[in-house]
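Visitor: Here it is, the structure, as structure tokens.
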Amino acid sequence: YLSRIYIVSYYGLQIHEKNLPGSGQVLANILFNATDLLRVDLNGVMILLPQLLKALELVLTDLTPKFDLQKHIASVELRKAAIHILLSMIALPLHFKSLSIKDIFNRPDVPPVTFLSLKTRMMELLLRALLIEQDATNTQMLLGGLMLAVENQASCERAEHTTVQDEEGMPTSPMATD
């Protein structure tokens, strides 16, 4: 059941160069209704991460989307939903690091994507969205996401530094030197 949802979502999150009629509306509906998709811990949901990131780039890099929206989804609300999804992704690259994300169709010609390889794109998207955002609530969420990313990076670096010191036989905390 989940595999079918993932395949449909994979195709729905794509906007083709031809901009097929309705494809923007499908993308907008998926993003608008999938704000908790990465938060509910569904088996295999990470397979959609690269495609979700591409879709978020379409929505968050411009105040007016380059595709048709549904009339009942305001642009600000779509951006808010996209920000929620982006914030759900922020911690993943440092948590899963070099773990590869499988291609949904197991195509041998598609190079493997790792969680860490998506980190730069996520951070650039977060910063670009912050630069152009005009809605106060969305700006506040983006600033919170930036703070989360910085704290997460610092925590990860601190943990790696402690691990390196442990391996070298040096003290791991300031209290150990007294």
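The values are calculated or read from the model by the stated rules, or taken from the named source; none is laboratory data. Nothing here was measured: the structure is a model prediction, and the numbers come from that model. Cβ placement follows ideal geometry from the backbone for every residue including glycine, while neighbour counts extend to all protein chains displayed. Keep in mind that these areas ignore ligands, DNA and RNA; they rest on the heavy atoms of the full protein, side chains included. Shrake-Rupley method; radii C 1.70, N 1.55, O 1.52, S 1.80 Å.
Visitor: What is the distance, in nm, between label points placed 7 Å from the Cα along the Cα-to-Cβ direction at Ile132 and at Thr61?
Guide: Each label point lies 7 Å from its Cα, and together they span 0.8 nm.
Visitor: By how many degrees, 0 to 90 and rounded to 10, does the Cα axis of helix 75-89 deviate from the longest principal axis of the chain?
Guide: Tilt of helix 75-89: around 30 degrees.
Visitor: On to the next question. Below 8 Å, C-alpha to C-alpha, sequence gap of six or more: please give me the relative contact order for the stretch 1-158 in percent.
Guide: Details: 170 pairs, mean separation 35.9, N = 158.
Relative contact order comes out at 23 percent.
Visitor: Lysine pairs in the chain with alpha-carbon atoms under 22 Å apart, 8 or more places apart or on different chains: how many are there?
Guide: 13
Visitor: Next up: Per residue, how much accessible area does the stretch 1-152 have with a 1.4 Å probe, in Å²?
Guide: About 56 Å² of surface per residue is accessible.
Visitor: Label-point separation (nm) for Thr114 and Ala159, each offset 7 Å from Cα along Cα-to-Cβ?
Guide: Placing both labels 7 Å along Cα→Cβ, they lie 1.6 nm apart.
Visitor: Rounded to two decimals, what is the ratio between the C-alpha radius of gyration of the stretch 37-132 and 2.2 N^0.38 Å?
Guide: Working it through for the stretch 37-132, the quotient is 1.13.
Visitor: Further, regarding this structure: Give me the dipole magnitude in Debye, nearest 20, for the stretch 25-135 about the Cα centre, with unit charges on the beta carbon: positive for Lys and Arg, negative for Asp and Glu.
Guide: Roughly 180 debye for the stretch 25-135.
Visitor: Give me the percent of accessible area attributable to carbon and sulfur for the chain, probe 1.4 angstrom.
Guide: 58 percent
Visitor: What whole-number distance in Å separates the alpha-carbon centres of the stretch 63-122 and the stretch 137-158?
Guide: 17 Å
Visitor: Find the relative contact order for the stretch 65-167 and round it to a whole percent, using C-alpha pairs within less than 8 Å whose residues are 6+ positions apart. Before the final figure, lay out the partial values.
Guide: On the way: 66 pairs, mean separation 28.4, N = 103.
Averaging sequence separation for qualifying contacts and normalising by length gives 28 percent for the stretch 65-167.
Visitor: Go through the stretch 126-141 residue by residue and turn each phi into a ³J(HN,Hα) via Karplus (6.51, -1.76, 1.60, θ = phi - 60°); whole Hz please, and just put x for glycine and proline.
Guide: So the J values, rounded to whole Hz, are 4, 5, 5, 5, 5, 5, 9, 5, 10, 7, 5, 5, 5, 4, 5, 5.
Visitor: Quick one: which of 121-130, 99-108, 143-152, 75-84 comes out on top by average Cβ neighbours within 10 Å, and what's the full order, highest first?
Guide: Numbers: 121-130: 18.0, 99-108: 11.7, 143-152: 14.8, 75-84: 20.0.
Per-residue Cβ counts within 10 Å, averaged per peptide and sorted highest first, yield 75-84, 121-130, 143-152, 99-108.
Visitor: Still on this structure: If you take the C-alpha gyration tensor of the chain, multiply each eigenvalue by 5 and take the square root, what semi-axes do you get, largest first, in whole Å?
Guide: Here the semi-axes work out to 34, 21, 13 Å.
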